[in-house]
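The values are calculated or read from the model by the stated rules, or taken from the named source; none is laboratory data. A quick note: this is a predicted structure, and the numbers were derived from the prediction, not measured. FYI the Cβ positions are ideal-geometry reconstructions off the backbone, even for glycines, and counts take in every protein chain you see. With ligands, DNA and RNA removed, areas are computed over all heavy atoms of the protein, side chains included. Shrake-Rupley method; radii C 1.70, N 1.55, O 1.52, S 1.80 Å.
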Amino acid sequence: GVTSPNSGFIAALLGLQEKLTDGAPPAAGRLYRMAPFYTAPRARLVEGSAVSRAELDPRTAFVLHTREALYLWVGAHAHPDYEAAAREWTRLLQRFEHASAEVSLERQGDESAAFWAAIGGEGPVAAKLAKYDEQYGVGKSPVLEAPAIEVRRCPRAAH
């Protein structure tokens, strides 16, 4: 049969095609935050603000994808799983978005001048960002526990 995808799906595909055809992030770059997920941490695009050091949280890892470079920033208190997820995300960006082949590893407190320039300027990084307190901190794991699901058998219909 013939399928007819909905308009939202078509719009998403066209947006992806445009993004991949250009092959480059916006001039300011894209900042991705590693966040807890069910099987392993996943990358989440930091939205709603310009790429800035004000978005960095020492409890996780971030990937900064610019037209010229790919930076992997690891916070001083980041769980090793967040760094591993960020490394995997850089490989995906290289494969599917034609990101720089070289990844610059930036550890908090030992960042390069190029990283600071790419993120908008050198300066202090907050001890933590309150907006992420639900996801990071003491007792928080990079892997979320799957919610409990109740499975019930359906009674067979009488024939």
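Annotations for the structure displayed:
- Within the range 99-124, residues that are over 18 Å from Glu55 (Cβ atoms) and of a type in the set (A, V, I, L, M, F, W, C) have Cβ atoms under 6 Å from residues that are open to solvent by less than 40 Å² (accessible area, probe 1.4 Å) and in a helix (DSSP H, G or I) in these pairs: Ala99/Leu93; Val103/Thr90, counting only partners at least 6 apart in sequence or on another chain.
- Looking only at the range 116-147, and only at residues there that are over 16 Å from Ala76 (Cα atoms), at pLDDT 70 or above and not in a loop (DSSP other than H, G, I, E, B), the one that is nearest to the chain's Cα centre (by Cα): Lys131
- Restricting the range 102-115 to residues that are in a helix (DSSP H, G or I) and among the aliphatic types (A, V, I, L, M), the residue that is farthest from the chain's Cα centre (by Cα) is Ala113.
Yes or no, residue by residue, for (1) open to solvent by 60 Å² or more (accessible area, probe 1.4 Å); (2) among the β-branched types (Val, Ile, Thr); (3) assigned to a strand (DSSP E or B); (4) touching an Asp or Glu at 6+ places or on another chain (Cβ under 9 Å):
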residue: Ala40; (1), (2), (3), (4): no, no, no, yes
residue: Arg44; (1), (2), (3), (4): yes, no, yes, no
residue: Glu47; (1), (2), (3), (4): yes, no, no, no
residue: Val51; (1), (2), (3), (4): no, yes, no, no
residue: Ala54; (1), (2), (3), (4): yes, no, no, no
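- Number of the condition not met by Glu68 [criteria: (1) part of a loop (DSSP other than H, G, I, E, B); (2) open to solvent by less than 70 Å² (accessible area, probe 1.4 Å)]: (2)
- Given (1) at pLDDT 85 or above; (2) among the charged types (D, E, K, R); (3) farther than 24 Å from Tyr71 by Cα, index of the condition Glu150 fails: (1)
- In the range 79-101, the qualifying residues are those that are assigned to a helix (DSSP H, G or I), open to solvent by less than 90 Å² (accessible area, probe 1.4 Å) and hydrophobic (A, V, I, L, M, F, W, C), and the one that is nearest to Phe62 (Cα to Cα) is Ala86.
- Residue check, Leu14 of a type outside the set (Phe, Trp, Tyr), open to solvent by 20 Å² or more (accessible area, probe 1.4 Å) and at pLDDT below 90: yes
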